[in-house]
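The structure follows.
The values are calculated or read from the model by the stated rules, or taken from the named source; none is laboratory data. None of the values given here were measured: they were computed from a predicted structure. Cβ placement follows ideal geometry from the backbone for every residue including glycine, while neighbour counts extend to all protein chains displayed.
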Amino acid sequence: MRVLRALGITCVLLAGLGTMSAQTWTPLTNQPSFAASTALLLTDGTVMVHDAGAQDWWKLTPDAGGSYINGTWSQLASLPAGYSPLYYASAVLRDGRVIVEGGEYNFFNPVWTTLGAIYNPLTNKWKKVNPPAGWTTIGDAQSTILADGTFMLANCCTAEAALLNAKTLTWTPVGTGKADINDEEGWTLLSSGKVLTVDAFNGTNSEIFDPATGVWSLAGSTVVLLVDPHSSEIGPAVLRPDGTVFATGATGHNAIYDTTAGSWSAGPDFPKVGGVFLDIADGPAALLPNGNVLCGASPGVFKPNTRFFEFDGSNLTQVAGPPNSPNFSSFEGRMLVLPTGQVLFTDGSSDVEIYTSTGNPNPGWAPAITRVGKTLIHGKSYTAKGTQFNGLSQAGAYGDDAQAASNYPLVRITNNATGHVFYARTKNHSSMGVATGSAIVSTHFTVPAGIELGASQLEVVANGIASNPVSVTIN
């Protein structure tokens, strides 16, 4: 359990280390009036952001040109009475609703609550969700959306897990054979549809969950110890486009899992500062469109002064950080990959920053549209079909405490005459998997009622990477 502290951000460059200087951090033009924490990308292109530890949520809407830097805030409905979590499970469901489960704290009291709620963006209302039968804790649990669209939730403090029926809001127990309890672990969805985790209470052991059988099995040793032996904390793990998982440690060590070979190897260590390894004892990471993983590491467990790095598959290279980074530890940060390919970074303060990386994605990573209507009527719903609508990774990771995956398609429409950008709300995607390759997948989308009419360009965007545009006419 981490100690509550004022939340913050940025990066001080390390003497003697190579740095990448072309990347930029940009503060929002309109900064929030609240302590911005966990952020989730809604399927209409807006961003839903939690006031850290409070009941209120806010929405960031990009401007007419599609800029989140110049976006504006509006307040959303608050959580149900009695529920005010800090460090919890979260996800955007395939129908576009948002689910929040548990909390290490409730109203800043350490209770590992079993409370939960589901949010409907169409009605701007929350509804309570009862916990799985017999559970006395959910707390700072991990969660994921499986490839078939089912939400899977851990019990923070046991080896239990459960699957949610999103229609009835009821739970089914799942996951036998877990080698240790779920506490402090994170889940990474693989292209096989299986889920990888690194055990926090079992040395260097890792495990894989198979949704087809509902069973956990051993996935080998991480080679180097990733878990801090005193706090049992560990860092995020991100699936990269080459099929490897970059798993960061709370020890200064990192490891790489080859999903094809099913084997682990040691990755590059974080550097030392003052004789102490930088590490990620809880903290965010994000897959950039160029294939690199962005992450922030700080010296020792829960200590401030975060440095930022990009991992390119072989090397860790330090990059500049936002202005507030000397004041916060890695665990206070949250990262969300935006449809622009930029990363929204929050740290529990009123300073929200946007990270813009260099380089371009491999064209083979992009979604590809194979079928969509050429004439679309505002306010009506349609289906788009194509490949790789879910991207190659969940893109965002933290572990327990916070999840902000964005492996679902957004439909972006740009008017030819004005250049104004509109997002059509998507839902009921045929897959919530990752790296689906040549398989034809689909999503349903509703053209916004207020969209500008006339000739336009339509793109499908996943994890900040856009398809080639298709010419459409909005009537």
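Please go through region 210-237 and pick out each residue that is of a type in the set (A, V, I, L, M) and free of Cβ contacts under 8 Å to residues at least 60 places away in the same chain.
Passing the criteria: Ala212, Val215, Leu218, Ala219, Val223, Val224, Leu225, Leu226, Val227.
With the checklist (1) assigned to a loop (DSSP other than H, G, I, E, B); (2) more than 30 Å from Tyr257 (Cβ to Cβ) in hand, flag the one item Ile369 doesn't pass.
Going through the list (1) assigned to a loop (DSSP other than H, G, I, E, B); (2) more than 30 Å from Tyr257 (Cβ to Cβ), Ile369 breaks only (1).
Restricting attention to region 452-474, which residues are surrounded by fewer than 21 Cβ atoms within 10 Å (Cβ to Cβ), part of a loop (DSSP other than H, G, I, E, B) and among the polar types (S, T, N, Q)?
Passing the criteria: only Asn468.
Still on this structure, I have one more. Name every residue in region 67-118 that is more than 18 Å from Ala141 (Cβ to Cβ), not small (Gly, Ala, Ser) and not in a loop (DSSP other than H, G, I, E, B), in order of residue number.
Passing the criteria: Thr72, Trp73, Gln75.
Another question about this same structure. Does region 112-124 contain any residue that is more than 20 Å from Thr168 (Cα to Cα) and out of contact with any helix residue (DSSP H, G or I) (no Cβ under 6 Å at 6 or more places or on another chain)?
yes
Taking Glu332 as the residue in question, decide whether it is out of contact with any Asp or Glu (no Cβ under 9 Å at 6 or more places or on another chain), within 22 Å of Ala237 (Cα to Cα), of a type in the set (D, E, K, R) and not assigned by TED's automatic domain parsing to the domain that holds Gly464.
no
Same structure, new question: Tell me, which residue of region 413-441 that is surrounded by fewer than 17 Cβ atoms within 10 Å (Cβ to Cβ) and under 30 Å from Val238 (Cα atoms) is nearest to the chain's Cα centre (by Cα)?
Within region 413-441, the match that is nearest to the chain's Cα centre (by Cα) is Asn428.
Scan region 202-215 residue by residue and report those that are surrounded by fewer than 18 Cβ atoms within 10 Å (Cβ to Cβ) and over 14 Å from Gly235 (Cα atoms).
Of everything in region 202-215, those that are surrounded by fewer than 18 Cβ atoms within 10 Å (Cβ to Cβ) and over 14 Å from Gly235 (Cα atoms) turn out to be Asn202, Gly203, Asp210, Ala212, Thr213, Gly214, Val215.
Just give me the residues in region 397-419 being at pLDDT 95 or above and on the phi > 0 side of the Ramachandran plot, in sequence order.
Matches in region 397-419: Asp401, Gly419.
Can Phe277 be described as free of Cβ contacts under 8 Å to residues at least 40 places away in the same chain, within 30 Å of Gly364 (Cα to Cα) and assigned by TED's automatic domain parsing to the domain that holds Tyr88?
no
Right, another one. Give just the number: which of (1) of a type outside the set (A, V, I, L, M, F, W, C); (2) closer than 18 Å to Gly464 by Cβ; (3) in contact with a Leu (Cβ under 6 Å, 6 or more places away or on another chain) does Pro361 not satisfy?
Evaluating Pro361 over (1) of a type outside the set (A, V, I, L, M, F, W, C); (2) closer than 18 Å to Gly464 by Cβ; (3) in contact with a Leu (Cβ under 6 Å, 6 or more places away or on another chain) leaves (3) as the failure.
Which of the residues belonging to region 425-443 are within 15 Å of Ile413 (Cβ to Cβ) and either part of a loop (DSSP other than H, G, I, E, B) or not polar (S, T, N, Q) (or both)?
Of everything in region 425-443, just one residue is within 15 Å of Ile413 (Cβ to Cβ) and either part of a loop (DSSP other than H, G, I, E, B) or not polar (S, T, N, Q) (or both), namely Arg425.
Residue by residue through region 394-420, note down the ones that are more than 15 Å from Leu41 (Cα to Cα) and in a loop (DSSP other than H, G, I, E, B).
Tyr398, Gly399, Asp400, Asp401, Asn416, Ala417, Thr418, Gly419, His420, listed by residue number.
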